[in-house]
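Worksheet for the structure shown next.
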Amino acid sequence: MANATLTENASPNDTIDQVLVVLALAEANLTSGLDTAKVAATLDTDAGQGANAAQIFTAKEAGEEGNNIRIQISDDVANPGTPYITYDVGGGYRDININIDSGVTTADAITAVVNADPNLPVTVADKGGNDGSGVVVAQAEAALAGGAGGYSGGGDVDTVKALRLVRSAKRRIKLADRIALSDVAVS
């Protein structure tokens, strides 16, 4: 475990640099025992779907955070036709509702609308030998699972919280330093 100390009576810039070094060492010490290999969370929509309709949703970012994404496929009888998406972030989850015409909308249509939206935290692909031509039926909400690794996994809760605080402090100090430098340059 590496150590660092702050120098007394240092200039403000030297103090910022010293604090960043201390935080970097703290981050290194906290992550040394964590599993940093990341695996993306997925959701298999095979259950209840017909031939050529099974799909796999995959979190765009690997790690445990993907396990907080929930997908629901809803039958919207009032607006049949092209599927559309509503997306909500709250309560610790990122909820994606794909509104379809159940029994009419194809897996290809869902793939097109999901993968065309850069703001969604998932992509979708046909599962295995499916070609996407099959029709999809409504499905109850289900969460992606299997996401693992990174700084939010592999360690105890206190270690993970401490690591998040250290990384947040580093970002805030760097941002404050950039703001201070831009203020000096503008003046």
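Miscellaneous remarks
- Under the condition of being in a strand (DSSP E or B) and closer than 13 Å to residue 81 by Cα, the residues counted in the stretch 96-114 number 4.
- Candidate set from the stretch 93-110 (those that are farther than 14 Å from residue 136 by Cβ and buried (at least 18 other Cβ atoms within 10 Å of the Cβ)); member that is modelled with the highest pLDDT: 96
- Condition met for residue 123 (within 25 Å of residue 51 (Cβ to Cβ) and surrounded by fewer than 16 Cβ atoms within 10 Å (Cβ to Cβ)): yes
- Residue in the stretch 74-86 that is in contact (Cβ under 8 Å) with a residue 40 or more places away in the chain and not small (Gly, Ala, Ser) present: yes
- Residue within the stretch 140-163 that is modelled with pLDDT of 90 or more, in a strand (DSSP E or B) and surrounded by 19 or more Cβ atoms within 10 Å (Cβ to Cβ) present: no
- Only strands (runs of 3 or more DSSP E) whose full extent lies in the stretch 37-92 are considered here, and none of them has at least 2 residues that are under 17 Å from residue 135 (Cβ atoms) and at pLDDT below 90.
The values are calculated or read from the model by the stated rules, or taken from the named source; none is laboratory data. Please read these numbers as outputs of a predicted model, since none were measured by experiment. All Cβ positions, even for glycine, are placed from backbone atoms using ideal geometry, and neighbour counts span all protein chains on display.
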